[in-house]
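The values are calculated or read from the model by the stated rules, or taken from the named source; none is laboratory data. Treat the numbers as computed from the prediction; the structure is a model and nothing was measured. When we count neighbours, we look across all protein chains shown, and the Cβ atoms used for this are built from the backbone with ideal geometry, even at glycine. Note: accessible area is taken over every heavy atom of the protein model, side chains too, but ligands, DNA and RNA are not part of it. Shrake-Rupley method; radii C 1.70, N 1.55, O 1.52, S 1.80 Å.
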Amino acid sequence: MKEIVLKTNGLTKRYKDFTALDHVDITVEKGDIYGLIGRNGAGKTTLMKLITTLTNKSDGEFELFNTGDSNLTETKRRIGCLIENSAFFPNMSAYSNLKYYAIQKGIVNLNQIDEALELVDLADCKKKKFKNFSLGMKQRLGIALALMDNPDFIILDEPINGLDPIGISQLRDTFKMLNEKKGITILISSHILSELYTVATKFCILEKGRVVKELTKEELDVECSRCISIKTDDVKNAAVVLEKELKTTNYTVVDNREIRLYDYLDNAGKVNKTLAKNDINVMSIAETGISLEDYFKTVIEEVR
Amino acid sequence: MFNIIKSDLYRILRGKAIYIAFLVMVVMSGLSMYELSPGYLGASSAGLEQINEDALEDVYRLGGELSLSEIRKIYEKHPYEFDKEFLAANANLYYIFIVMVAIIIAADFSKRTIKNTVSSAVSRKKYYYSKLICCILICSIFVLINNYGTYFVNKLVNGENFSSSLGTITRVTLYQLPIMYGIISLLVCVSVVVKKGSAFNAISIPLLMAFQLLITLFLRVLKMKATILNYEYQTALGKLARNPENDYIVKCVLLGIFYIVIFNIIGYYSFKRAEIK
């Protein structure tokens, strides 16, 4: 069983009458790249702020590396984070800014600063003042700070905001490398599902402060892939017919009214005919398959 | 805690603000020494009548605008303990304290760099008290340089006639420090409550004047005894420098401790519950 890095239980945050996060339960396991998806104001940043203790919870609890939220100070040594936009002292250089935090964290080996700058491709700009950085460079410096001191878990709030396509691609490779080679668990948020799809291994869709869906990449692929959606009031017998008559097990039962079949994509008529011949009441049968964006929209619409 | 203080010192010594503040302090001290008129700059003139009535008479007799050298010539005829009187006008250092708290704490809020620290392995308690200690440490260095620097340079430039003893300077410094630390605690409290650099400056700069105004208003409305004014910051620092009675020293030290405790309780609990943006 994998080590649990983060587990939230009924985590709630209220601002007077407004509930920003409503009883959120998520579990991030070691080695995951966990993508938090949601529209602006869905609660992604609030969740990350709670985990990093930048704000106090209203209700519920969470654990980081099996340590309760009341005693996190030392455990936070194992995490690195970038919440909202990166923030540094504008009149100090990239190197000086990182050195300031290296001293603060008690990092003795200052080579870690150069290594972190190297990872985000800022080694050549280390003497440049932060105020002269472009938006993308500022974000990358924020990521460098999160990576300093070799964390086991990094929390990145919309880290690719403001980056150009090449920068996004480079960061994506960096995240994958950190995850695969260094075994770093990553919690990353975005409001664009297709952006996260390329890096994340697990997804959590948030809407209005609530977890709408939590699924693995494989499950997301299944949800979005091209298939024949069969709606019937007798799912059990329909599945038997698919296996016996059409000799296929390449289907999933979505709920007690829907089956998704991934074979016979060009022959829906044959499937319909076979089911009807075996007294299965088919209410509808249609070829389906949606893009990530459409899937995201559908899930959000269901909640609204 | 030590690491946070160390990192702040690293940052502050790389900026310009601390050197500008130091330069302002040296210029204030230098001009005062040259003119032999303590508290030359700033809102808190020591009050000529309290220093040297004879000199004041000469100033009035000559009338009109006097140059620095003319004022110096008048004072040269009427020697007094300049360095002690300079310390009586130490309320001027309040503005140096504002700058220090602004660069150590308020800047962290206004640049939003505080989130980098609070989200790391630093508890809010450790953050708050490290910053407080850092402010007190740096402000103390300024006070010591201001007091002892003025003492030694004054002795060298203006001679023994205008100097008191090293013991007197040390005693006055020790009497003044608790109430100064209380005021620094107030500034730290304001900075963490307002959580914005601009708001901190807007509140802290006129704060002493507003406080004086409020006390005066209370005295008039409630017809209270004016002795309460003796414990107002600027007046207290002045009185502590001029051979105060033991009873007054004790009351001022206790007032300083009260300020330190109360403002840090308010500051810490406000910060503990605050959302870091």
Of all helices (runs of 4 or more DSSP H) completely enclosed by the range B:147-255, which ones contain at least 1 residues that are over 23 Å from B:Val99 (Cα atoms), among the hydroxyl-bearing types (Ser, Thr, Tyr) and open to solvent by less than 40 Å² (accessible area, probe 1.4 Å)?
B:166-194
Taking B:Ile265 and the conditions (1) in a helix (DSSP H, G or I); (2) under 20 Å from the mean Cα position of the chain (by Cα); (3) within 24 Å of B:Gln176 (Cβ to Cβ), which numbered condition does it fall short on, given that it satisfies the others?
(2)
Those residues that are open to solvent by 60 Å² or more (accessible area, probe 1.4 Å) and either farther than 12 Å from A:Tyr295 by Cα or in a helix (DSSP H, G or I) (or both), I need them from the range A:198-221; list them, please.
A:Lys208, A:Arg210, A:Glu214, A:Glu218, A:Glu219, A:Asp221
Residues in the range A:30-45: is at least one under 20 Å from B:Arg124 (Cβ atoms) and within 14 Å of chain B (Cβ to nearest Cβ)?
yes
Single residue of the range A:15-28 satisfying the filter (of a type in the set (Asp, Glu) and open to solvent by 50 Å² or more (accessible area, probe 1.4 Å)) that is nearest to A:Arg172 (Cα to Cα)
A:Asp25
Exactly one of A:Thr216, A:Thr201 is touching an Asp or Glu at 6+ places or on another chain (Cβ under 8 Å) and at pLDDT below 90, and that one is A:Thr201
Within the range A:27-55, can you find the residues that are touching a helix residue (DSSP H, G or I) at 6+ places or on another chain (Cβ under 8 Å) and touching a residue at least 24 places away in the same chain (Cβ under 8 Å)?
A:Gly31, A:Ile33, A:Gly35, A:Leu36, A:Ile37, A:Gly38, A:Arg39, A:Thr52, A:Leu54, A:Thr55
Do we find a residue being of a type in the set (A, V, I, L, M), more than 30 Å from B:Ser270 (Cβ to Cβ) and in a loop (DSSP other than H, G, I, E, B) anywhere in the range A:48-69?
no
Looking only at residues in the range A:61-109 that are facing another protein chain (nearest Cβ under 7 Å), open to solvent by 50 Å² or more (accessible area, probe 1.4 Å) and not basic (Lys, Arg), which one is nearest to A:Leu156 (Cα to Cα)?
A:Glu74
Among A:Lys44, A:Lys49, which is under 20 Å from B:Lys115 (Cβ atoms), open to solvent by less than 50 Å² (accessible area, probe 1.4 Å) and in contact with a His (Cβ under 9 Å, 6 or more places away or on another chain)?
A:Lys44
Anything in the range B:1-14 that is at the interface with chain A (Cβ under 8 Å from one of its Cβ atoms) and either assigned to a helix (DSSP H, G or I) or open to solvent by less than 30 Å² (accessible area, probe 1.4 Å) (or both)? List them, or say none.
B:Asn3, B:Ile4, B:Lys6, B:Ser7, B:Tyr10, B:Arg11
Across the range A:129-148, what is the number of residues that are open to solvent by 50 Å² or more (accessible area, probe 1.4 Å) and either part of a loop (DSSP other than H, G, I, E, B) or of a type in the set (S, T, N, Q) (or both)?
2
Filtering the range A:7-46 for residues that are in a strand (DSSP E or B), over 13 Å from the mean Cα position of the chain (by Cα) and of a type in the set (A, V, I, L, M) leaves a count of 4
Return the residues of the range B:122-135 that are surrounded by 21 or more Cβ atoms within 10 Å (Cβ to Cβ) and away from every other protein chain (no Cβ under 14 Å); say none if nothing qualifies.
B:Leu132, B:Cys135
Contacts under 6 angstrom Cβ, first residue in the range A:1-12 being farther than 17 Å from A:Ile155 by Cβ, partner hydroxyl-bearing (Ser, Thr, Tyr) and open to solvent by 10 Å² or more (accessible area, probe 1.4 Å), 6 or more apart
A:Thr12/A:Ser58
Tally, over the range B:15-60, of residues that are modelled with pLDDT under 90, part of a helix (DSSP H, G or I) and open to solvent by 20 Å² or more (accessible area, probe 1.4 Å):
16
Open to solvent by less than 30 Å² (accessible area, probe 1.4 Å) and either without any contact (Cβ under 8 Å) to a residue 12 or more places away in the chain or in a helix (DSSP H, G or I) (or both) - does that describe any residue in the range A:118-128?
no
For the range A:268-304, how many residues meet the condition of being open to solvent by 70 Å² or more (accessible area, probe 1.4 Å) and assigned to a loop (DSSP other than H, G, I, E, B)?
3
Inspect the range A:230-237 for any residue being within 33 Å of the chain's Cα centre (by Cα), open to solvent by 70 Å² or more (accessible area, probe 1.4 Å) and among the basic types (Lys, Arg) and give the result as yes or no.
yes
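A quick yes/no check of all residues on (1) modelled with pLDDT of 90 or more; (2) among the aliphatic types (A, V, I, L, M):
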{"residue": "A:Asn109", "(1), (2)": "no, no"}
{"residue": "A:Ile113", "(1), (2)": "yes, yes"}
{"residue": "A:Leu117", "(1), (2)": "yes, yes"}
{"residue": "A:Leu122", "(1), (2)": "no, yes"}
{"residue": "A:Lys127", "(1), (2)": "yes, no"}
{"residue": "A:Lys131", "(1), (2)": "yes, no"}
{"residue": "A:Ser134", "(1), (2)": "no, no"}
{"residue": "A:Gln139", "(1), (2)": "no, no"}
{"residue": "A:Ala146", "(1), (2)": "yes, yes"}
Within the range A:178-187, can one find any residue that is farther than 22 Å from A:Val120 by Cα and open to solvent by less than 10 Å² (accessible area, probe 1.4 Å)?
no
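Every residue, every condition in (1) modelled with pLDDT of 70 or more; (2) surrounded by fewer than 21 Cβ atoms within 10 Å (Cβ to Cβ); (3) among the aromatic types (Phe, Trp, Tyr), yes or no:
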residue: B:Leu66; (1), (2), (3): no, yes, no
residue: B:Lys73; (1), (2), (3): yes, yes, no
residue: B:Tyr80; (1), (2), (3): yes, yes, yes
residue: B:Lys84; (1), (2), (3): yes, no, no
residue: B:Leu87; (1), (2), (3): yes, no, no
residue: B:Asn92; (1), (2), (3): yes, no, no
residue: B:Ile105; (1), (2), (3): yes, no, no
residue: B:Lys115; (1), (2), (3): yes, no, no
residue: B:Ser120; (1), (2), (3): yes, no, no
